[in-house]
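*Asks:* Below are the structure tokens for one structure; questions will follow.
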């Protein structure tokens with residue numbers, strides 16, 4: 001008797017779940033949920049065709065140096081680069097003397113402790129140091145940025161989909177919300193302290209436009225510093241910081257493909273030689 005009652009209860013439970021599932025599926029088909037503004041007005045970045053893109057891509061050191069200049073004069077005020085050391089700059093064409101000067105003149109000095117007094121102090125940067133954070137800690141970073149935490153940029157182009165293109169699009173994508181958005185989504189607003197950017201996931205970003213005008217940076221190589229050019233250059237620089245061994249990886253991959261092609265050819269030749277006298 002107990003077994004029969006248990007079976008009936010189980011069957012009733014399954015029946016109720018089946019009805020609920022059917023109702024959910026039917027509603028999803030007949031009355032699909034309306035897409036929000038984040039889906040409708042979110043834009044995907046265009047390809048900026050960096051020289052490092054593609055299977056045979058190589059870094060353009062001149063462009064990366066310009067991008068480093070943009071980072072130094074604009075981005076470093078808020079964003080850290082903690083996985084990159086000053087001496088790594090020799091890989092993009094700077095001499096050891098230039099790297100030493102860059103490290104020594106960097107605005108943010110390294111925290112240290114006076115060995116004689118035990119008191120906290122600072123010292124000049126040296127080439128072996130990593131780029132210091134512009135803020136002492138997370139609390140200080142949030143306090144200076146309307147409670148938003150500026151992300152570290154060392155691996156940014158690897159952490160974001162379509163990284164270099166995303167960086168370029170985000171930097172140059174600030175604008176006013178389109179008129180059709182106000183018609184379709186009258187409740188959508190950009191909160192105070194945020195900025196509308198269709199390339200950002202939820203359309204509202206805490207970071208103010210970092211590049212506001214042409215000529216904001218004066219390039220040492222004489223290149224005209226338009227907003228688009230500066231955004232492309234800093235995207236190229238951050239591509240290098242995220243994957244400084246990209247060229248070596250491409251070279252190793254090409255060598256592996258050539259080796260496999262030769263191996264397959266030799267294996268095919270050996271197969272033909274071994275079985276050449278066998279009659280089918």
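What follows is calculated from the coordinates using simple rules that are stated; it is not laboratory data. Since we're looking at a predicted model, the values are computed, not measured. Backbone-built Cβ (ideal geometry, glycine too); neighbour counts: all protein chains shown.
*Asks:* Under the rule of -39500 (n - 2.57) per DSSP H run of 4 or more residues, summed and divided by the residues of the chain, what mean residue ellipticity at 222 nm is obtained, to the nearest 500 deg cm²/dmol?
*Replies:* The per-residue figure over the chain is -14500 deg cm²/dmol.
*Asks:* Moving to a separate point now. At a Förster distance of 30 Å, what's the computed FRET efficiency of residue 95 paired with residue 190, Cβ-Cβ distance as r, to 0.05?
*Replies:* The value I calculate is 0.05.
*Asks:* Using Cα pairs closer than 8 Å and at least 6 residues apart in sequence, work out the relative contact order for the chain, in percent.
*Replies:* 23 percent.
*Asks:* On to the next question. What shape does the chain have by the C-alpha gyration tensor, where a ≥ b ≥ c are the square roots of the eigenvalues, rounded means a/c under 1.5, and otherwise prolate means a/b greater than b/c and oblate the rest?
*Replies:* Because a/c hits 1.5 or more and a/b fails to exceed b/c, the chain counts as oblate.
*Asks:* Moving on. With only alpha-carbon pairs counted, each pair once and no self-pairs, how large is the Kirkwood hydrodynamic radius of the stretch 169-245 in angstroms?
*Replies:* Evaluated over the stretch 169-245, this radius sits at 14.5 Å.
*Asks:* Determine the shape class of the stretch 50-164: with a ≥ b ≥ c the square roots of the Cα gyration tensor eigenvalues, call it rounded for a/c under 1.5, and otherwise prolate if a/b is greater than b/c, oblate otherwise.
*Replies:* Since a/c reaches 1.5 but b/c is at least a/b, the shape of the stretch 50-164 is classed as oblate.
*Asks:* Between residue 114 and residue 224, 0.36 nm times their residue separation minus their Cα-Cα distance comes to what?
*Replies:* 35.1 nm
*Asks:* Now for a separate question. Assuming 0.36 nm per residue, please report the length gained on full extension of the stretch residue 273 to residue 146 beyond their Cα-Cα distance.
*Replies:* 38.3 nm
*Asks:* Over the alpha-carbon set of the stretch 76-134, work out the extent along each principal axis and list the three values in angstrom, largest first.
*Replies:* So the extents along the principal axes, rounded to whole Å, are 40, 25, 17.
*Asks:* What distance in nm separates the two pseudo spin-label positions at residue 257 and residue 16, each 7 Å out from Cα along the beta-carbon direction?
*Replies:* Label at residue 257, label at residue 16, 6.0 nm between them.
*Asks:* Okay, next question. Which whole number in µm²/s is D for the stretch 145-280 by Stokes-Einstein, with the Kirkwood Rh taken over Cα pairs at 20 °C and 1.002 mPa s?
*Replies:* Value of D from the Cα-based Kirkwood radius: 110 µm²/s.
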